[in-house]
Amino acid sequence: MSNVLTYRILIANRGEIAVRIARSIKELGYIPLGVYTRVDKQALHRRFMAEDAEIPSYLDMDEIIDAAIRLGADAIHPGYGFLSENPLFAEKIVKKGLIFIGPPPEIMRLAGDKVMAKKQAEEAGIPTLPYMVVDDPDDIVEFAEEHGYPVIIKAVGGGGGMGMRIVRSSGEAEDMYEQARKEAENAFKDPRLYVEPYIENPKHIEVQILGDGENIIHLYERDCSIQRRHQKIIEEAPAVVLSSRERKALLNDAVELMKHIKYVNAGTVEMLYDMKRKKHYFMEINARLQVEHPVTEMITGIDIVKQQIRIALDGSLSLKQRSIKMHGHAIEARINAENPLSLMPSPGRITRYLEPSGPGVRVDSGVAYGVDVPGEYNPLIAKLIAWGINRAEAINRLHRALNEYLILGVQTNIPLLKAIIENPVFRRGLHTTRFMEEERERLNEYIRRLELLHATILVAVAAKADAKLKAKIISGTRYASYIDGTIHPHREAIKRKAWVYWVLLRSRVGRKKRRK
């Protein structure tokens, strides 16, 4: 390992999180190193690395560690996803004499086993829902007869929505059990399942933790209730639904649990908050950096990645709880390359890319003009974060920033994000984890009206153009036959985008003429 203070840190990840980690490494005065796969040869994150190496897969532990050694790395940061919560990966890194920037393997194992984590929570006196490990469908029926339907089956060895099924009657138990078991086996190589009562309309609230095993602090909480198929879409900090008393109790419980297990590095304690009973219950621990960490950074001013690195390199956390203050409100929207209605991935090449900016706006992006969005990975391409002195200002800034964002070449979920933050349930802060199911029709109608107006503006622009350009514009939209002069509150923003499209199309027609 290097004896100088300029550490070389390899980032075992890709996309926006690799870019984001590289920036913090550079700001610390250290050197970021990277890896990439064959499909990521032109990826944006490569431009942020001092050196990098090609690997066959972001899941290939040995190839990643070999690349780190070849590049002269002192430490490895796993980011999120891929191998970030794999204790074997952490063990292999340490055995090779490198530093793993994350929790120790034994803590990762504890957190990764959802039943073991629940037992730790019970020992620490943290409220949990009743649960039972199940070996067959009869166990599910037995549990439900005692606690009532519906119940939810979960995988012991993982999360992210994999291996989860809701059972609403005894007749569903067998099918749901088999589906969950197979999915858990495929996703985590661990078929074990447990069952607990299903809360119909909870909030999903998580607490950001930093610790060195002795000094454990929180950076307040985030509301992560806007989800589809258990995957988050919009997150915000703090959770406006909590009273001061409820917030204090939830934060104290999270810290007590992490003190109980002597947690090290960054992690989150996830809670279910029952809106009816005004009570929280421990759900699980995520022993890694979370996708939504920027909202916490925006309200506390603390760079969580830098703290991860300092804890790993120095062995201690210098921050104290009394120094942590919360200021304002922040909301993060995940920009995915996907159809906003079907939510199917939309891989392709970015042909035009303009990011929003201005006061209170942050963009953590993994793409740029000319970069390919591959279909092999998660469709997340950027995170748009807006901060405001209060929630209303944060929402308005996010709305303004979404209108400024221009991405061509792939479809994105930006229309869906606009629909969500315009929704009255979201505006009142009353949304739960069932929001996407309950509001889906209203959201889709908003998106359809937005696209129809977009088409209207394009045709209006085409009417002022020459015949060739008009034909090109009209042929480029499948909504031309439905134009009815729809009036929409965001027509000015769409006019601006339509003008950009018009300029681009005009320049393409001009280039074709010159070639002739």
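The values are calculated or read from the model by the stated rules, or taken from the named source; none is laboratory data. Keep in mind that this is a model prediction, so the values were computed, not measured. All Cβ positions, even for glycine, are placed from backbone atoms using ideal geometry, and neighbour counts span all protein chains on display.
Structure notes:
- Residue match in region 403-415 (condition: assigned to a strand (DSSP E or B) and either among the polar types (S, T, N, Q) or out of contact with any Ser or Thr (no Cβ under 6 Å at 6 or more places or on another chain) (or both)): yes
- Boolean, Glu16 is closer than 29 Å to Ile335 by Cα, assigned to a loop (DSSP other than H, G, I, E, B) and among the acidic types (Asp, Glu): no
- Matching residues, region 243-301, being in a strand (DSSP E or B), of a type outside the set (Phe, Trp, Tyr) and touching a His at 6+ places or on another chain (Cβ under 9 Å): Ala266, Thr268, Val269, Glu270, Met271, Leu272, Asp274, Met283
- One residue from Ile17, Ile76, Ile69, Ile25 being β-branched (Val, Ile, Thr) and within 19 Å of the chain's Cα centre (by Cα): Ile17
- Among residues of region 55-92, those that are of a type in the set (A, V, I, L, M), surrounded by 16 or more Cβ atoms within 10 Å (Cβ to Cβ) and not in a helix (DSSP H, G or I), counted: 6
- Lone unmet requirement of (1) outside any loop (DSSP other than H, G, I, E, B); (2) exposed (fewer than 15 other Cβ atoms within 10 Å of the Cβ) for Leu313: (2)
- Whenever a residue of region 315-327 is in the same structural domain as Trp387 (by TED's automatic domain parsing), its partners that are among the hydroxyl-bearing types (Ser, Thr, Tyr), lying with C-beta atoms within less than 8 angstrom and at least six residues away or across chains, give the pairs Ile324/Tyr220; Ile324/Thr300; Lys325/Thr300; Met326/Tyr220; Met326/Thr300; His327/Thr300.
- Restricting attention to region 14-33 and to residues that are β-branched (Val, Ile, Thr) and touching a Ser or Thr at 6+ places or on another chain (Cβ under 9 Å), the residue that is surrounded by the fewest Cβ atoms within 10 Å (Cβ to Cβ) turns out to be Ile31.
- Residue within region 387-397 that is surrounded by 21 or more Cβ atoms within 10 Å (Cβ to Cβ) and assigned to a helix (DSSP H, G or I) present: yes
- In region 327-340, the residues that are assigned to a loop (DSSP other than H, G, I, E, B) and surrounded by 16 or more Cβ atoms within 10 Å (Cβ to Cβ): Gly328, Ala337, Asn339, Pro340
- Screening Val156 against (1) more than 30 Å from Tyr58 (Cα to Cα); (2) in contact (Cβ under 8 Å) with a residue 40 or more places away in the chain leaves a single unmet condition, (1).
- The condition of being in the same structural domain as Ile69 (by TED's automatic domain parsing), under 26 Å from Ala333 (Cβ atoms), modelled with pLDDT of 95 or more and small (Gly, Ala, Ser) holds for only one of Ala50, Ala43, that being Ala43.
- Scan of region 423-454 for residues that are acidic (Asp, Glu), crowded, with 17+ Cβ neighbours inside 10 Å and assigned to a helix (DSSP H, G or I), ordered by number: Glu451
- Qualifying strands (runs of 3 or more DSSP E) (wholly inside region 124-240; at least 3 residues being crowded, with 16+ Cβ neighbours inside 10 Å): 151-155, 193-197, 202-212, 216-228, 231-237
- In region 254-265 there is at least one residue matching the filter, namely being over 23 Å from the mean Cα position of the chain (by Cα), crowded, with 21+ Cβ neighbours inside 10 Å and in contact (Cβ under 8 Å) with a residue 12 or more places away in the chain.
- Tally of residues being of a type in the set (Asp, Glu), more than 20 Å from Val291 (Cα to Cα) and in contact with a helix residue (DSSP H, G or I) (Cβ under 9 Å, 6 or more places away or on another chain) across region 364-398: 1
- Region 1-38 - residue that is at pLDDT 95 or above and of a type in the set (S, T, N, Q) and, of those, farthest from Ile381 (Cα to Cα): Ser24
- Of residues in region 341-359 being in contact with an Asp or Glu (Cβ under 9 Å, 6 or more places away or on another chain) and outside any loop (DSSP other than H, G, I, E, B), the one surrounded by the most Cβ atoms within 10 Å (Cβ to Cβ): Pro345
- Any hit, region 194-207, residues being more than 15 Å from the chain's Cα centre (by Cα) and over 25 Å from Thr432 (Cβ atoms): no
- On inspection, Ile126 passes the criterion of being in contact with a strand residue (DSSP E or B) (Cβ under 6 Å, 6 or more places away or on another chain), at pLDDT 95 or above and within 27 Å of Asp253 (Cα to Cα).
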